[in-house]
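Laboratory data are not the source of any read-out in this text; all were calculated from the coordinates shown. What you see is a predicted model; the values in this text were computed from it and never measured. Ideal geometry is used to build each Cβ from the backbone, glycine not excepted, and the neighbour counts take in all protein chains shown.
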Amino acid sequence: MTQAPTRPTDSQDDAAPERTGLVGRSVPRREDLALLTGTARFIDDLKLPGMVYAKILRSKVAHARLRAVDLTRARAMPGVLDALCGADLAGKVKPWGDLMQDLLVGDHTPFATDKVLYEGQEIAAVVAATKYQALDALEAIDVDLDLLPALVDPEDALAPDAPLIQEGISYEFGNGNVFDRYRVRVGDAERAAAEAAVVVRQRFATNRQAGAALDPHGCIASYDSFTHELTVYSSTQSIYMVRDVLADVLQIPRNKVRVIVPEVGAGFGSKAQIFPYEVIASIFSMRIGRPVHLVLGRKEIFQSGTARNGQVRYAELMCKRDGTITGYRDYVVHNCGAMSVWGNQVIHIGTNVGMLPYAVPNVHVDSDIVHTNTAPGGALRGFGIPQMIWAKEQLVDMAAAELGIDPLEMRARNVIRPESFPYRTPMGQVIDSTSVYDCLHKSAEAIGWAGAKAEPKPYEGVGLAVSMKYTSCRHPSFDTDLSAVRLRLETDGTVTIYSSDVSHGQSHATMLAQIVSDGLGVGFEKITLARPDSLTSPFGLGTYASRGAAVLGTACRLATERLRAKVLTMAAHVLEAAPDDLEIGNDRVYVKGLPDSGLYLEILAGMAAYRTHQLPDGFEPTLEAVATYDTPTEREHADGSGNLSVTYSTAAHAARVRVDPDTGLVRVVDYAMAHDTGVVINPLVVEGQHQGGFLMGLGMVLGEDYVYDKDGHLLNASFKDYLAPTATDMPELTKLYEIPAPSVTIPGGQKGAGESGTGPVPAAVGNAVFDATGVRFTALPITPQKMLLALREKERRGVKTFRYPDDMPDFRGPRRPDDWPTPRAADEAEFDWDFDDEFGDEDGAE
Amino acid sequence: MKPFTFLTPTDAHEAVALMAEHGTSARLIAGGQSLLLAMKERTATPSVLVSLSSVTGLSGITTGSSGELSVGTTTTYAVLADAALPGWHAEISRMAGDLADRPVRTMGTIGGAICAADPRFDMPVLVMGTGARLEVLGAAGARTIDPSDFFLAGGGTCLSPDEVLTAIHFPEREHYRAVAFEKFRQRQFDAATASVLCALTQGSDGRIGAARIAVGAVAPSPRLCSATTEAMVSGADPFALDLEEVGVAVAAEVLPETDTGTARYHCELVKALTRRALARALSTLGS
């Protein structure tokens, strides 16, 4: 297995093994030129002949009964071609949410029909000749609403007298706002607590963070009235998710829906699902027979795109005197907003994988997954892990303080460091390799941990956090994790790669070409990645869950191997040599030891396509190969354990912060990241992912949040008011280290890179802020205002340390410990899967 | 944004006439850095835009015979930042070069910011704190307005729709011995969360002759702290001033008596920024 090179900033002493291929090298990104010169074409750059423009009227209130929508005036406005509202579509399109995601109910519709559940929800839409006419027409839509009290705080959703949000849906746990529950029962946490030397407890709250992809959500739908083909250009992370759900919603054949992506300017998880606008644009196009452009404005994206799930955690960590972590107990209120396709999965993955990198033997977690009248919650870089790590890694520091152990030493004693791999943790994760122990020490050393601890400076502090990230998308409700690649050796010796997984920052065109170049001996510049297109690309799930390099990369490797075998079989026939005597490289096949001779691949490909009489007997013409790779992961077990990921990447982060005692501004002045990303295909790309992941974590801890008033109005739905960090907030990141422990399960050794940079950031900064100020923040984000008010409150009380804003050292465990209703659906034994018998009985055939 | 008519007068009187003609459906546009954002969001929907960019004589920096510094209303931040002005006027350049981001500084104008009257912007605090006079041309003729009258306490300006701010006249270089502006914003490109400008003159005895302190962003308009400065200068030795005490007095003078988290934070910021601005101004005084 190839050892990936360490970064140049790391030690240069141990010479890397001699490399011949491109995998492992920082090949410059092919994507950059178009992006840097502004020639990349994003969704809003596309113009189709005859294209018209749709706009959506969104609710200005968070919770209301929708009495009537009158489109009469809007239809009469200049340029208006069509208008639609919920009543027009009720019963004509299928609600979604329960197809791919296997959610409890399909509760998503293109428009609100009888109730508005959150500010920004779709009420009506118009399509007009110009954008301005469409926007003017929206102002002429009359909406009759009866306001209902809004529910913003997720904990308020649990009150028996709370306003009911989703009406008419019988959830597993009744008709309230709790639409799902989640629990983990591993070991005996109660006993662990009784036997522990120290139990630390704290209530932690996390924020709502936006995806904030600069390229807006949007699509262009174009329906051909004669062929009945619906073509949808969409800025999405998954073309088949859009295609299959859209076809299901519209009840048309899937091969009549063609989804294509333009350049996609990031998604971060916020584009990993279908949205109402894709359905609305499609229906408009089918009704008027013209291409319909529907690209959302930033305010709309803030209000109705998905945001990171907010959580309230009542968390406890149990430790032995020597610092060994023996148990974790938590009660979580998990906020999914008014509706959510992925949101309830976030708590599963975030909690299961979030227990890492510790092998905690006793885990007891209960969670209420609730609706509120706020923006839909969903997938966002880290998928629940940053929230979990924010709580857990601060508890680790709190326990270390009580035990008088250095936080670095505390972690070093607990991170998994088995004598042999694969190693199964009590939570069920199968760790196939990890360098977490080395990563931890590397990051601490790089930040100057020992020095900072020995000579503390006022208002300056250091903090550590470690996390692991899964490399898979197999969820409790999503039983698949596959990607596919088709390769064609063209008749001029070039190679075309077909894949449906959308590259939106992951550099597929570069990364996959590196793999193919190494495997087929084709020049890198001769390899092209075709744009994802559901009419021509092999079926794959899309790009999210840090799967690109590991899962798609493996599919590409397998397809390359198949194509290589085909090429060698054919070359052996032509050269009258044994395939084993042949080598492939320099764009040709040659007899081993004679690299300057041999047959050019273009000659072989030309023969395979145009001179089929010269092919070996039984050889299937053309040089094409396809491979699909699905990861060997497990389903979630009834107790919440399970190996949900094929492999786990590691991030150990160390932060140094400086706090301005006058203004409360927290600056991250230095930051060290040590990662185990397994075999890195392209270090440049992976470093970019880590930097971006860090910046997203920085925004989560220091500024970003959806600020709602009590009526559910989102007060900061613009980049002016929503405090996403920009380039000037980024510290100079010079301390990035890769300590590769190649995955054993993934054939090429890769691990996911895209999200591991985010997980530890909030906790590392939180721990550093405590070190700098003595204030333990329990709620995100740590804004300058909260920091300064906390400092003043601490002075007023005359204490050395305290917790803010939830100073509740007397809190004792989950508020509702063991009286938990049994989630019935989690127990498979209760189901009768033997459908055949039933049908047999009905038919009376037996 | 809605469709609009874009008019480009070349003379200030012509601009005034156009504004009088089109009334409330028209808006003046200079750099467009506030108005265009509002138009994109449809919170401003003018059907006519009267552009000042082609009007001659509204842009540039000149020093009058009396030594006062006159800045044309359409002078951009970028031009101000690059102006290399001497004496306390250098603080104007420093401020213009340290707000928003480069594209905004290239397009945005001092007059636009003053007329937008967003209390979080720096230019309203600058003119309030330095006592600059604002020259306005309207259908009824020209007038010069004191910033205390220009900015309405509840927000906005006293300008009528047909009036155009044409120039800002800052006191001459000798007028102040030191001017210092301090602000806080969470991100580099944000408008201020709070800002304080402090302008000092020096008496012949080395003591503070006169002082002005203006606070921005914490009220609907920039606020002048006259009571505090009057108490401060009555014969005080500037270098024996308790800056903390002045900060407390400034905060008490400008902030409402509410106890929300934001109010308490504003209070802390005003105290700290007053201290910083005053300390910097005093160090100039002492040098």
### Query
Among A:TYR277, A:TYR118, A:TYR804, which comes first, second and so on when ranked by fewest other beta-carbon atoms within 10 Å?
A:TYR804, A:TYR277, A:TYR118
### Task
Return the average number of partner chain Cβ atoms within 10 angstrom of each residue Cβ along peptide B:189-197.
2
## Note on the structure
segment B:191-287: Kirkwood hydrodynamic radius (Cα pairs, Å) comes out at 13.5
### Summary
Expressed as a whole-number percentage, the relative contact order of chain A with C-alpha contacts under 8 angstrom and at least six residues apart is 16
### In Å, descending, principal axis extents of the Cα set of segment B:1-119
45, 31, 21
### Message
For a Förster distance of 22 Å, can you work out the FRET efficiency between the beta-carbons of A:THR39 and A:LEU535, rounded to the nearest 0.05?
### Response
0.30
#### Entry: Alpha-carbon radius of gyration plus Dmax, which is the widest Cα pair, for chain B in Å
19.1, 62
### Query
Quick one: Debye curve from the C-alpha atoms of segment A:249-300, no solvent, what's log10 I(q)/I(0) at q = 0.12, 0.13, 0.20, 0.22 Å⁻¹?
-0.33, -0.39, -0.92, -1.09
### Task
Using 0.36 nm per residue of separation minus the Cα-Cα distance, give me the extension gain between A:GLU409 and A:GLU732 in nm, one decimal.
113.6 nm
### Task
Using the Kyte-Doolittle scale, find the helices of chain A whose mean hydropathy is at least -0.5 and whose Cα atoms extend 30 Å or more along the helix's long axis, counting only whole DSSP H runs.
A:553-575
### Sorted by Cβ density within 10 Å, fewest first, the residues B:THR228, A:THR536, A:THR622, A:THR554
A:THR536, A:THR622, B:THR228, A:THR554
### Extended-chain gain in nm, criterion 0.36 nm per residue less alpha-carbon gap, B:ALA227 and B:LEU152
25.1 nm
### Task
Rounded to the nearest Å, what's the spacing between the alpha carbon centres of segment B:91-145 and segment A:685-714? Just the number, please.
33
### Query
Quick one: if the Förster radius is 25 Å, what FRET efficiency do A:LYS457 and A:GLU795 give, using the C-beta to C-beta distance and rounding to 0.05?
0.85
### Query
Pairing the Cα long axis of helix B:243-254 with the longest principal axis of chain B, what angle in degrees results, from 0 to 90 and rounded to the nearest 10?
40
#### Entry: Peptides ranked, highest mean first, by Cβ atoms within 10 Å: ranges B:202-214, A:368-380
A:368-380, B:202-214
### Task
Mind sorting A:TYR544, A:TYR331 by how few other Cβ atoms lie within 10 Å of their own Cβ, fewest first?
A:TYR331, A:TYR544
### Query
With each label point set 7 Å from Cα along the Cα-Cβ vector, what nm distance links A:ALA194 and B:ASP237?
7.3
### Query
Given the convex hull over the Cα atoms of chain A, what projected area results after averaging over all orientations, in nm²?
40.4
### Query
Using the beta-carbon distance between B:SER283 and A:VAL707 and R0 = 41 Å, what value does 1/(1 + (r/R0)^6) give for FRET efficiency, to the nearest 0.05?
0.60
### Task
Find the Rg to Rh ratio for segment A:575-664, where Rh is the Kirkwood radius over alpha-carbon pairs and Rg uses the same atoms.
1.39
## Note on the structure
Given B:185-193, B:125-133, the highest-first ranking by average Cβ count within 10 Å works out to B:125-133, B:185-193
## Note on the structure
Computed over all unlike Cα pairs, the Kirkwood hydrodynamic radius of segment A:68-226 in Å stands at 20.4
## Note on the structure
hull vol. (C-alpha, convex hull) per residue for segment A:469-569, Å³ -> 105
### Query
Roughly speaking, what is the centre-to-centre gap between segment A:110-142 and segment A:727-776 when only Cα atoms are used, to the nearest Å?
42
### In nm, spacing of pseudo-spin labels at A:THR480 and A:ARG287 (7 Å Cα→C-beta vector)
3.1
### Query
With +1 on each Lys and Arg Cβ and -1 on each Asp and Glu Cβ, how big is the dipole of the protein assembly as shown about its Cα centre, in debye rounded to the nearest 20?
2420
### Task
Find how much the distance from A:ARG611 to A:ASP146 grows on full extension, using 0.36 nm per residue of separation minus their present alpha carbon separation; answer in nm with one decimal.
160.0 nm
### Query
Given 5 Å bins starting at zero, what is the percent of C-alpha pairs of segment A:522-647 in each, up to the one with the largest pair distance?
2, 9, 15, 18, 15, 13, 10, 8, 5, 3, 2, 1, 0
### Task
Name all residues of segment B:143-159 having a backbone nitrogen under 17 Å from the label point set 7 Å from the Cα of B:GLU68 along its Cα→Cβ direction, giving them as ranges.
B:143-151
